[in-house]
Amino acid sequence: QTQEDGLSSLRQSDLVRIFDNLQQQSTRLDEDARELERTRQDLRSGTDKAAAAEQAARERLEVLGILAGTLRATGPGIRLTITDPDDRVSSAMLIDTVQELRDAGAEAIQVGTVRVVASTSFVDGPDGVVADGTDLRPPYEFVAIGDPSTMRSALDIPGGVLETLRSGGAEGRVDTADTLTVTALRQVKSPQYAQPAPARSP
């Protein structure tokens, strides 16, 4: 438009050549625009995928942290208080309690100040029970995160944990709550011998 006067004086062949160049430039610009749009969509899709993968990895780490005992856990659950006036509760009784809670769906368990995980050990000590090297003395207090009614029913079945405690001179009281927090944490040690196995080739 700014060169309208100049164009009016050009020959037809010159005008055709200029028009040709403009068409080619327009085609190149259209292709550049399409390429930029594809790049933008790829970047957006890649960002979404990366964000989704990061979110999934974060959630997976949280689950593993709760199971391994390296993260605090909160949710509905029960508080089991075991009184033992005659010091007759043994490590085997506490192991049975843990097993019963796990069978009833407990997802995180703490007894006293000890986070109970797969490798937790209970042994009889001179003044009570020793869990993972920590002395536990009565009353023994369990906090378990899971379905409260299921865990309570599991502990109170005939021949179950509560009946066994009563027959041994101890007493167990179960309190349910909509929100409890397992605060004890577990220090994870690096394995001395085990290493990840190489992935199998397809």
- Task: Averaging sequence separations of C-alpha pairs under 8 Å and six or more residues apart, then dividing by the length of the chain, give the relative contact order as a whole percent.
- Result: 28 percent
- First measure r as the distance between the Cβ atoms of GLU54 and THR83, then evaluate 1/(1 + (r/R0)^6) with R0 = 35 Å and state the FRET efficiency to the nearest 0.05. 0.15
- Which shape class applies to segment 139-184: rounded if a/c is under 1.5, otherwise prolate when a/b exceeds b/c and oblate if not, where a ≥ b ≥ c are the square roots of the Cα gyration tensor eigenvalues? oblate
- Message: Whole-Hz ³J(HN,Hα) for each residue in segment 80-90, computed from phi via Karplus 6.51 cos²θ - 1.76 cosθ + 1.60 with θ = phi - 60°, x for glycine and proline: what do you get?
- Response: 10, 10, 10, 8, 9, x, 9, 6, 10, 7, 9
- Matching label, Rg and Dmax of the Cα atoms in Å computed from the structure shown, candidates (i) 17.7, 52; (ii) 16.2, 50; (iii) 34.6, 117: (iii)
- Residue separation between SER190 and GLN24 times 0.36 nm, minus their alpha-carbon distance, gives in nm 53.3 nm
- Message: Based on alpha-carbon centroids, what's the gap between segment 144-202 and segment 28-77 in Å, whole number please?
- Response: 33 Å
- Roughly to the nearest percent, how much of the accessible area of the chain is carbon and sulfur, given a 1.4 Å probe? 51 percent
- Projected onto the charge dipole of the chain (unit charges on the beta-carbon of Lys, Arg, Asp and Glu, signs +1, +1, -1, -1), the Cα from VAL98, THR27, LEU61 with the largest positive-side position is that of THR27
- Task: Please label the shape of segment 54-161 as rounded, prolate or oblate, based on the square roots a ≥ b ≥ c of the eigenvalues of the alpha-carbon gyration tensor (a/c under 1.5 means rounded; beyond that, a/b larger than b/c means prolate, else oblate).
- Result: oblate
- Message: Leaving out ligands and nucleic acids, and using a 1.4 Å probe, what accessible area per residue does the chain come to in Å²?
- Response: 69 Å²
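The values are calculated or read from the model by the stated rules, or taken from the named source; none is laboratory data. Nothing here was measured: the structure is a model prediction, and the numbers come from that model. Note: ideal-geometry Cβ built from the backbone for every residue, glycine included; neighbour counts use all protein chains shown. Ligands, DNA and RNA are stripped out before the accessible areas are found, and what is left, the full protein with its side chains, is counted by its heavy atoms. Shrake-Rupley method; radii C 1.70, N 1.55, O 1.52, S 1.80 Å.
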